[in-house]
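Asker: Let me give you the structure first, and then I'll get to my questions.
The values are calculated or read from the model by the stated rules, or taken from the named source; none is laboratory data. Since the model is a prediction, treat every value here as computed from it, not as a measurement. Heads up, the Cβs are rebuilt from the backbone with ideal geometry, glycines too, and the neighbour counts pull from every protein chain shown.
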Amino acid sequence: MLTASPHCNITLPILNKVGRNLHHQEHHPLNIIKTIIEDHFSKTFRQPSTSASSTEDEPVFRYFDNMSPRVTTQQCFDDLLIQPDHVSRAVTDTYYFDETSLLRPHTSAHQTELMRAGHKAFLATGDCYRRDEIDYCHYPVFHQMEGVRLWPCSEVDDAYVIADLKSTLEGLVRRLFGDDIVFRWDEAAYFPFTEPSLELEIWSEERQDWLEVLGSGVIHTDILRNVDMADHRGWAFGLGLERWAMTLFDIPDIRLFWSEDPRFLTQFRPSSKKTEDGREFVRFAPFSKYPPCFKDISFWTPESYHANDFAAIVRDVAGDLVESVTLTDEFTHPKTQRLSVCYRITYRSMSASLVDDDVNALQEKVRQLAVDTLAVELR
Ligand code: DAH
């Protein structure tokens, strides 16, 4: 843990991810998805031009992908009308440098700064950080893209903005998932920074379920007023690049994005084998599946206990060797009201077989750290 501020909960493994910029890395699946989306916006909307025929309602989209992930609570929460007691502000959920600066948990943190700088149509992509559970689709670092488009109030009303938001994002989803994609809008979604809020879901044949692919909505008028754009209306959206890439390339585990194994990275090069069934995105071919190793741990929790703190310990000890941490049992003692929990930790390497002794050593460290830093009582 960095100790500059007592409020700091950023550990070295997390800090070491800052600057990796997977979304900049050529032929990395996250970079491929980002590039296709930017390219789609470039084709759909007007390009910089001096021609007199260009109309004002076709904006030029600007692309930002190099903004520092260190942001302030003002940018990240206050400017977006996120309530003071909202769970996303908690130290159990977010990585803080100190009380007012943090690693952005979403790229929405750049909305107001870019609007203040006068941008009215932009995509902002970057690495985001959240303390969370551990499983195949949750990793403390992931990547998001934020999109914003504004118009002068004199040109549009809310119905127009919503219709444009829907047609733009439906076009985007069709561009990536194909014309046959089945989608639906969840209009009961809620985000503090949009009114109304909408989520777009696509039907996943593989999972036989709906998959949420982005959050969006009409930008709250208070946000526009605070950035001196009270005379504008507009929409915003945010999407997670990992989720799109995992679905499009069939990537089964989010840890793979961090792999430096050429067997992962070379699969996405344009020159590698083309799909036989005419797919644009190659289906990721697992290069090997090494056996998992399960370890259980159970303990009595103190009152202040939070599952994300335990996940952080396991992640810090085992790095990318941990595949999942699953709560398998919990019960409250009828007399003392103390909560006991049991987790199954799945260790699995992506590139080698794990040796028993190594896993036992990791598990021992997890047990020790849980006692030392979380004040749990092992059972
Ligand atoms: N920031 C949201 C998240 O991380 C995603 C999002 C939802 C962004 C709605 C937006 C929006 O711009 O309008 O879950």
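Asker: State whether the residues of segment 227-247 include one that is outside any loop (DSSP other than H, G, I, E, B), among the acidic types (Asp, Glu) and surrounded by 19 or more Cβ atoms within 10 Å (Cβ to Cβ).
Answerer: yes
Asker: Also, quick follow-up: Suppose the filter is over 27 Å from Thr94 (Cβ atoms), modelled with pLDDT of 95 or more and not in a strand (DSSP E or B); does Ala361 pass it?
Answerer: Here the answer is yes, as Ala361 does meet what is asked.
Conditions (1) on the phi < 0 side of the Ramachandran plot; (2) hydroxyl-bearing (Ser, Thr, Tyr); (3) touching a helix residue (DSSP H, G or I) at 6+ places or on another chain (Cβ under 8 Å), marked per residue:
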position: Glu133; (1), (2), (3): yes, no, yes
position: Pro140; (1), (2), (3): yes, no, yes
position: His143; (1), (2), (3): yes, no, yes
position: Arg149; (1), (2), (3): yes, no, yes
position: Glu155; (1), (2), (3): yes, no, no
position: Tyr160; (1), (2), (3): yes, yes, no
position: Lys166; (1), (2), (3): yes, no, no
position: Gly171; (1), (2), (3): yes, no, yes
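Asker: Touching a strand residue (DSSP E or B) at 6+ places or on another chain (Cβ under 9 Å) and in a helix (DSSP H, G or I): which single residue out of His110, His119 fits that description?
Answerer: His110
Asker: What residue, among those in segment 175-215 that are over 20 Å from Met246 (Cβ atoms), surrounded by 18 or more Cβ atoms within 10 Å (Cβ to Cβ) and without any contact (Cβ under 8 Å) to a residue 60 or more places away in the chain, is farthest from the ligand (Cβ to nearest atom)?
Answerer: Leu198
Asker: Considering (1) closer than 27 Å to Lys17 by Cα; (2) free of Cβ contacts under 8 Å to residues at least 60 places away in the same chain, say which one Asp357 fails and leave the rest.
Answerer: It is condition (1) that Asp357 fails.
Asker: Whether any residue in segment 322-342 is closer than 26 Å to His23 by Cβ, at pLDDT 95 or above and among the hydrophobic types (A, V, I, L, M, F, W, C) is what I want to check.
Answerer: yes
Asker: Let me ask something else about it. Does Ser298 satisfy the condition of being at pLDDT below 95 and of a type in the set (Ser, Thr, Tyr)?
Answerer: Judged against the criteria, Ser298 is not a match.
Asker: Okay, next question. Going by the structure shown, is Ala121 within 14 Å of the ligand (Cβ to nearest atom) and closer than 16 Å to Leu80 by Cβ?
Answerer: It is false that Ala121 is within 14 Å of the ligand (Cβ to nearest atom) and closer than 16 Å to Leu80 by Cβ.
Asker: Across segment 128-161, which residue is surrounded by the most Cβ atoms within 10 Å (Cβ to Cβ) among those that are among the acidic types (Asp, Glu) and more than 13 Å from the ligand (Cβ to nearest atom)?
Answerer: Within segment 128-161, the match that is surrounded by the most Cβ atoms within 10 Å (Cβ to Cβ) is Asp135.
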